[in-house]
1. Could you please find all residues in the stretch 243-256 being free of Cβ contacts under 8 Å to residues at least 60 places away in the same chain and out of contact with any strand residue (DSSP E or B) (no Cβ under 8 Å at 6 or more places or on another chain)?
2. Just to be sure I understand, how many residues within the stretch 206-233 are more than 18 Å from the chain's Cα centre (by Cα) and not in a helix (DSSP H, G or I)?
3. Hey, which of the helices (runs of 4 or more DSSP H) in the stretch 1-89, taking only ones fully inside, have at least 1 residues that are open to solvent by 50 Å² or more (accessible area, probe 1.4 Å) and over 30 Å from residue 145 (Cα atoms)?
4. Considering only residues that are modelled with pLDDT of 95 or more, closer than 22 Å to residue 201 by Cα and among the aromatic types (Phe, Trp, Tyr), which ones fall in the stretch 134-174?
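The values are calculated or read from the model by the stated rules, or taken from the named source; none is laboratory data. Computed from a predicted model, the values in this text were never measured in an experiment. FYI the Cβ positions are ideal-geometry reconstructions off the backbone, even for glycines, and counts take in every protein chain you see. Please note that ligands, DNA and RNA were not included when accessible areas were found on the heavy atoms of the full protein model with its side chains. Shrake-Rupley method; radii C 1.70, N 1.55, O 1.52, S 1.80 Å.
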Amino acid sequence: MDNTQQMINELLTPIKQFLQCETPDSWIEEARKPENLTALLVDHCNCELKASQTAIFMVRKYAVDKASGEALLAWAKPYEDFVYGGANRSTALFHNKKNGLSVPLVARADFPYGEELIEKMVRLIKEEFHHFEQVLEIMEKRDIPYSNLHAGRYAKGLMKAVRTHEPATLIDKLIVGAYIEARSCERFAKLAPYLDPELKKFYISLLRSEARHYQDYLTLAEKIADKDIRDRIQAIGAKEAELISAPDSTFRFHSGTPEYIAC
């Protein structure tokens, strides 16, 4: 076994134990089709931005003061301007901007886990923005234009399992984040062998950060809950497995079993 495969196996072992099902082979067959490459890359690009936006929302809502929240929004603005800019979009919006915060973030005094939430989420946000740029660069080299692609059902479906009172809402959202990152890692690894050399190398390069993101989300959920949350992990995991295994009429990076194959 070479070092790369050993690294993949080590990263995936806890993730496979965490997830309640594997990605169906029928999704892999669909994802590897050349005609689905545009949708795969555009949706992957969008997923990276959504991951950063979700983390920013959590930090702003729970962990930092108003000025720090504004700094986070300013950090995200060039990326959001690109995605929502329509015909005026340009990668120069963020390629010419240092990928970082303009000022240090200040934790609120009324949230005891603020410093740890800030530390883990800021690192995640920075990495997700970088991955967003990397996917765009791959698309540009292949003359694949960015386009607005409506989201699939996956994230919204997971959010339906989130409780609506605090701190349960935050704990459940962190668990949801853990599942999204774990599933992304599992899919990158499972799909990579079927892709061209450039995409294979890129997807394997993402595994370590995705695995760490899953662990960071789960660690935060367990610490903030300060009690056994295995029942919530199990419940949200069951919903995640249902979304991944059920027939899905829309192909996306986190979509379920292709409907016409499942039927």
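1. 249 - this is the single residue of the stretch 243-256 that is free of Cβ contacts under 8 Å to residues at least 60 places away in the same chain and out of contact with any strand residue (DSSP E or B) (no Cβ under 8 Å at 6 or more places or on another chain).
2. 4
3. On the way: elements: 3-18, 25-31, 37-58, 66-84.
It comes to 3-18, 66-84.
4. none
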